[in-house]
Amino acid sequence: MPDASSDAPPTGPVGLGVAKTVFRWLASLRLAVLLIVVLAVVLAVATFLESARGREYAQWYVYRSPWFIGLLWLLGVNILACTLNRYPWGKGRISFLITHAGLLVLLVGAVQTFTGGLEGTVALREGDSANAIVLPERSQFRVIRQMPQGMPGGMGAMGNPASAGLHGQGTAVFGFSPGPVDWPDGKTLDLGYLGGIGLRVLKYYRHAQVEEHWLPDEQGVAGPALRFSVGGAQGGAPLGGWLSAELGPVFFGPARFELQRAPADSMAEDFLRPPPPETDKDGVLSMHYQGRMTRIPVGPNVGKKTTLGDDGVAVEIAECIPNAKLVGTAKWASGGTEPDNPLLELRVHLPGKEKPMRQIAFARRPFLNLDGAHGLNCPVKFWYHHPATKAETGAEFLYTSDGKLYCRVGAQGKYQPRGEVKSGDEIATSAHFRLVVEQLLPHAKREIVFSPVEASGDDEQQGAAALVELDVEGATRQVWMKQNDAEYGVQWLDTPQGAVLLAFGHEQVPLDFTLKLLDFERGLNPGGMGRASYASRVRLIDRAAGVNDEFKISMNQPLAHGKYVFYQSSYQEQPGGVEVSILSVGYDPGRVAKYVGSALTCLGILLILCKRLPMRAMRAANRVPRTPPDA
C-alpha cells in the first residue's frame, strides 16, 4: 500500500518559497537587461519629444511622470537584489559592491532631481530687486478676501486692483501644474479649500484668445453698457467696442471714450454744463440731495457748513488738498502746491447722528467716494469741478437712473455738450473722428469666454486661460482668467461675504535672500553683428548668512548661493529702451547624490579593470606555445 502520508499537503513555509522566487526574479540578469533596454528606449523617445514639442512636454510626460519614476525605482530594486544575491561578498567582491552602490546612489539622486527639483526664472531691470523665483511650468491662484480699506466698493471704482494697497483679512494660495497641453472636455481639478475658500479649475487652455459678449442682465442689477463704433472722416473700416462703467475708459489712439453711471439724476447738469473755470481758483463743489443741486465756490467755504434741504442735512468742506497723495488707510496729504490731483475732505452732518460722516470728492474722479468704506450709501452726492482738470480728446457718456444717456465731447481742453443721445445717433467727436451709438443696454453683464488657439510667436497675446469656480462659504462664482494678463489676470468678484480679489499667474517660490541688479552688459560679436554674451552684475543680500556682496553672472559664470544656482539666460528689450535681464534659477536636491554615485561607479569599474588586467596577463604568460615535431 502506498504511504498515506504522501497524499498530505506539503508542509513548510510556503510564503518563504514565494518570496525566494520573487527575489530571484528581481535579482535576475534578464530583468536587468530588459530594464536597461526599456530605459534606453524611453530616453531616446524623451529626447525626440523634447526636440519636437519642447522641454516642458518631455518633463511632463516622461521625466517627472509617475511611471518613469517607478521605472527608475524598479531598476534600483533590481540592482539591490542583485547585490544581496551575491552575499556573502568577501574581499574579492569589494569592486562589485562599490560599483552597485554607486549605481544605487546615482538612481536615488536622479529620483530626487525629478521629484523635488525646481527650475525657474528671475527677471530684473537695472535697480530692481527680487526675493522670489517664478516657476513657468506651474500656475498659481491667489485669493484675497478683502476690499482695500478706505476705497469704495465695486470693480469699476478700483481701477487696477493689483496696484491698490491691500490689507488682507485672509489670503489663500492655490498652486497646480496644468501640463503642456489643453485639457480635454470633462477634465477638472479640485484645488481644495483654504480658509473657507474653495477653488476648482473647470477648463484650461495652454494658448487662448478672448471672446467678449455683453448680454442683458435679466435681474436688473448690473450697470449699463454701450456698444459704439468710431470711424475716420476720410473713410476706412470703423473701430468698435463696448463701454461700461465697471471697465473704465477705452482708447483709440489719442481719443478717450468713457461711460459713467450717475449716482444722482441731477448730475446731468454737472455733466453737460459744468461751472466756468474762472468761478474760483480752488474750484466749485456741486452737492446733490433730494433731486436738487447746490453749487458753492470752494475757496471761501473751507471750514463752513452749507445746509441742504429742510431736514437739517449740512455739508462742511473740511480741507482742500491741491495734490492728494495716499499716506495711510484712506488718508491723504498734499504732495505739493500744484493742483495735480485736487481733493476735498468733506463732513456730512446728518440729522440724528452725533458724528458727521466723512466723505471725499476727487476732481479727476468725480464718482469716487467712501461709501464702500462706510458700508452705507451717503444721501449726498458730490461733483468737484476744478480749473486744473482739462477735457481730454474723445467722448464721454453719462447714464442716469431714468434711462437717459447724455454725451459730451472733449476737444482742445474743453467740453462740448451733445445733450441726450439714443441708439443710432452719430456724433462728431473731432475733425477726424465720428462716433456712432449702436446699442445701449441699461443693465448689462459681460460674458468672457476664451477659445484655444495654436501657439504662435505672440505668446503675450495668446497666454494660458482657465475657467475657475470660486467657492466662498457655499456661494459659487465662475469666471474666466488669463494668466499674467493686465485685464483678465486680476479681477474683483462680488460674493455674499464681500468682494474677493482673484489673481492668476505663475507660481512663485520665495527666496531667503534678495538679489538686486546693478548693471546689465551685452557683448557683441566681432564686427558688431549680433550679441555674443550677456552678463549681470548683482548684489546679493542675505542677512541670515551675513552676505552683502557684488557678483557677476555671465553665460559661463553662474552664481551659487544656498541651494540655488543662477545662470545668465537671456534678456528682453521693453518699450523705451529698457533692458530686462533674464536669469535662470535651478535647485537640484539630487546633485550631491548624483556626483557621489558617479564617482563610486567609476571607482568600482576602475577596480574591476585593475583586478582583471593582471589576471589576464598571468594567463597569457602561463600559456606554452606548441612546437612542431621534428621532421
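The values are calculated or read from the model by the stated rules, or taken from the named source; none is laboratory data. Keep in mind that this is a model prediction, so the values were computed, not measured. For neighbour counting, all protein chains shown are included, and Cβ atoms are generated from backbone atoms with ideal geometry for every residue, glycine included. Note: areas computed on protein heavy atoms with side chains; ligands, DNA, RNA excluded. Shrake-Rupley method; radii C 1.70, N 1.55, O 1.52, S 1.80 Å.
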Reduced to Cα centres, the span from the stretch 309-382 to the stretch 547-602 in Å works out to 52
Degrees between helix 29-53 axis and first principal axis of the chain (Cα, 0 to 90, nearest 10): 30
Please list, ordered by chain and number, the residues whose modelled amide H lies under 5 Å from the amide H of residue 283; skip anything fewer than 5 residues away on the same chain. 298, 299
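Using only the C-alpha atoms of the chain, find the volume of their convex hull and express it per residue in Å³.
Values: hull volume 236.0 nm³, N = 631.
Per residue, the Cα convex hull of the chain comes to 374 Å³.
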On the formula 1/(1 + (r/R0)^6), with r taken between the Cβ atoms of residue 572 and residue 451 and R0 of 25 Å, the FRET efficiency rounded to 0.05 is 0.35
Nearest-10 value in Å² for the accessible area of residue 246, using the 1.4 Å probe: 70
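Only bridges whose two residues both fall in the chain count here: according to DSSP, what percent of them are antiparallel, nearest 5?
Values: 159 of 167 bridges.
Looking only at bridges with both residues in the chain, the antiparallel portion is about 95 percent.
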Reach of residue 203 by Cα under 27 Å, taken over lysines that are not fewer than 8 positions away in the same chain: 187, 445, 482
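Taking a quarter of the surface of the Cα convex hull of the stretch 294-413, what do you get in nm²?
Working: hull surface 37.2 nm².
For the stretch 294-413, averaging the hull's shadow over all directions gives 9.3 nm².
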If amide hydrogens are placed 1.01 Å from N in the peptide plane, which non-local residues have theirs closer than 5 Å to the one on residue 571? 582
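Residues of the chain: accessible area per residue at 1.4 Å, in Å²? Write out the running numbers ahead of the final one.
Values: 34880 Å² over 631 residues.
The answer is 55 Å² per residue.
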Consider just the alpha-carbon atoms of the stretch 390-502 and return their Rg together with their Dmax, both in angstrom. 19.6, 55
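Would you please calculate the Kirkwood hydrodynamic radius of the stretch 260-341 over all C-alpha pairs and express it in Å, rounded to one decimal? Intermediate results must be reported in sequence, preceding the final value.
Working: mean 1/r = 0.0689 Å⁻¹.
This gives a value of 14.5 Å.
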Calculated from DSSP H runs of 4 or more alone, at -39500 (n - 2.57) each and per residue, what is the 222 nm mean residue ellipticity of the chain, nearest 500? -6500 deg cm²/dmol
Specify the angular offset, from 0 to 90 degrees and rounded to the nearest 10, of the alpha carbon long axis of helix 66-85 from the longest principal axis of the alpha carbons in the chain. 20
If the only charges are +1 at each Lys and Arg Cβ and -1 at each Asp and Glu Cβ, what is the size of the charge dipole of the chain around the Cα centre, to the nearest 20 debye? 2980
Nearest-ten-degree value, helix 591-622 long axis tilted from longest Cα axis of the chain: 20
Set of lysines with alpha-carbon distance to residue 414 below 28 Å, sequence-local pairs under 8 removed: 281, 325, 381, 390, 404, 422
Gyration tensor verdict on the stretch 245-292 (Cα atoms; rounded if a/c is under 1.5, prolate if a/b is larger than b/c, oblate otherwise): oblate
Three principal axis lengths of the stretch 19-118 [C-alpha, angstrom, descending]: 50, 26, 21
Hits in the stretch 574-604: amide N under 18 Å from the 7 Å Cα→Cβ extension of residue 542, namely 584-592
Against the globular-protein guess of 2.2 N^0.38 Å, express the Cα radius of gyration of the stretch 495-609 as a ratio, rounded to two decimals. 1.56
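Which of rounded, prolate or oblate describes the stretch 295-355 when judged by the alpha-carbon gyration tensor and an a/c cut-off of 1.5?
On the way: a/c = 3.66, a/b = 1.73, b/c = 2.12.
Verdict is oblate for the stretch 295-355.
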Note, the stretch 251-258: 3J(HN,Hα) by Karplus (6.51, -1.76, 1.60, θ = phi - 60°), whole Hz, Gly/Pro = x, goes 10, 10, x, x, 8, 10, 10, 8
